[in-house]
1. Before we go on, tell me the buried accessible area for the B/A pair, both chains summed, 1.4 Å probe, in Å² to the nearest 100.
2. Within chain B, which complete DSSP H helices have Cα atoms spanning at least 20 Å along the helix axis and a mean Kyte-Doolittle hydropathy of 0.5 or higher?
3. For peptide B:109-115, what's the mean number of Cβ atoms from other chains within 10 Å of each residue's Cβ?
4. Ordering A:141, B:86, A:90 by how much accessible area each has at a 1.4 Å probe, largest first, what is the list?
5. For residue B:142 and residue A:126, what does the FRET efficiency come to when R0 = 25 Å and r is the distance between their Cβ atoms, rounded to the nearest 0.05?
6. If you place +1 on the Cβ of every Lys and Arg, -1 on the Cβ of every Asp and Glu, and leave all else neutral, what size is the dipole of chain B about its Cα centre, to the nearest 20 Debye?
7. Taking chain B as a Gaussian network, where each spring joins two C-alpha atoms under 10 Å apart, which residue of B:73, B:111, B:65 fluctuates the most?
8. If you put a point 7 Å past Cα along the Cβ direction, how far is that point for residue A:66 from the same point in each other copy, in nm, smallest first?
Protein chains: 2
Amino acid sequence: MHNGDVSTTSDPGARLGSELSDAVVMFHEALGALSGLSAADHKALGIVRRDGPVSARELADRTGLTAGAVTGLVDRLEQAGQVRRTRHATDRRRLVIEATASPPPEVRAALAEMGTAMGRVTAQFTPEELQVVARWVQLTTATMREQAARAAGRLEGRREG
Amino acid sequence: MHNGDVSTTSDPGARLGSELSDAVVMFHEALGALSGLSAADHKALGIVRRDGPVSARELADRTGLTAGAVTGLVDRLEQAGQVRRTRHATDRRRLVIEATASPPPEVRAALAEMGTAMGRVTAQFTPEELQVVARWVQLTTATMREQAARAAGRLEGRREG
DNA sequence: CCATATAGTTTAGTTCACTCAACCATTCAT
DNA sequence: ATGAATGGTTGAGTGAACTAAACTATATGG
């Protein structure tokens with residue numbers, strides 16, 4: 001099952017993507033579990049981490065949850081020490097939800113280990129090759145985002161059909 | 001050490017990785033949703049798809065669920081047309097749970113679209129470059145699997161500490 | 001055969017995250 | 001200032017998926 005020949009399938013890209021997919025999902029879940037978060041909560045945390053401080057409403061829109069559900073979500077993330085909840089400076093209705101500086105030790109350890117493990121992987125490539133990989137990762141990420149949105153949209157449409 | 005700046009620690013590499021990860025997870029979830037499956041169910045389906053026909057007990061062990069929960073799980077997967085439930089030939093207490101040949105039309109359509117989209121991505125690379133990407137994907141997949149297992153193990157250990 | 005173990009289902013009860021709607025607090029517009 | 005809009009929280013009710021335990025059916029060993 002590990003033949004390195006990319007051109008054997010009609011769909012090399014999709015094949016490559018799907019091989020990674022399961023592994024990524026597993027790691028993602030394992031990481032969430034380490035900090036006592038469900039996969040869904042961990043995903044929400046990702047939004048906060050990446051896209052900086054967000055308001056509750058923003059988070060609700062991004063996750064597709066209702067305002068009420070977001071309150072609970074933020075409660076859990078705060079409980080887990082992953083997130084800080086403050087009030088907006090000028091508009092005091094608004095929340096400022098921001099990730100704490102660094103994840104809890106267990107997660108940091110796992111991430112660090114992952115980092116060195118990935119270091120061993122990248123060490124086997126030349127800088128030029130890594131450029132190629134980076135390009136592929138970028139394009140693939142964009143494609144997956146787009147396709148995820150499209151699939152979600154299709155589901156939306158069906159619900160109203 | 002010829003790995004350029006891709007593996008420096010505060011790096012774009014980590015960001016790329018985490019964005020790819022989220023994108024993958026989103027696509028994974030969207031795909032599951034299309035066939036009316038939760039992320040958890042979709043993951044279980046992955047086990048059945050990948051590791052061939054399994055018994056209910058096996059599936060229970062692999063997912064960490066109880067026997068009763070697995071009955072419901074398989075019910076849902078069967079309902080969604082993703083899985084077939086037959087009895088074992090020689091031991092008729094046992095179930096033989098196997099993935100159906102092809103996913104339902106909505107999922108197939110989404111996968112097909114994903115396929116052509118990824119085709120457009122791969123079209124932007126030479127065969128040699130794709131070899132490089134394939135190599136990276138394989139190594140990365142193995143690494144993620146290993147790290148996921150390690151993280152899960154750590155969690156396990158903590159529970160008994 | 002009969003006793004006991006194993007595979008899976010069923011059922012009753014629990015948990016948990018969600019929605020919806022009512023509810024404060026704050027801001028904005030007139 | 002006051003009424004309407006906005007941001008977030010709270011609480012009641014719902015539904016999905018879980019566990020534990022009782023149950024059915026099959027297998028196996030003395």
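The values are calculated or read from the model by the stated rules, or taken from the named source; none is laboratory data. The model shown is predicted, which means the values in this text are computed figures rather than measured ones. Cβ sites come from the backbone with ideal geometry, for glycine too, and all protein chains shown count toward neighbours. Each accessible area value is taken on the protein alone, full model and side chains, heavy atoms only, with ligands, DNA and RNA left out. Shrake-Rupley method; radii C 1.70, N 1.55, O 1.52, S 1.80 Å.
1. 6400 Å²
2. B:12-34
3. Across the residues of B:109-115, the mean count of other-chain Cβ atoms within 10 Å is 6.
4. A:90, B:86, A:141
5. Calculated value: 0.80.
6. Working: 21 positive and 20 negative charges, 159 e Å.
So the magnitude is around 760 debye.
7. Of B:73, B:111, B:65, the most mobile in the Gaussian network model is B:65.
8. Residue A:66 label point versus its equivalents elsewhere: 3.0 nm.
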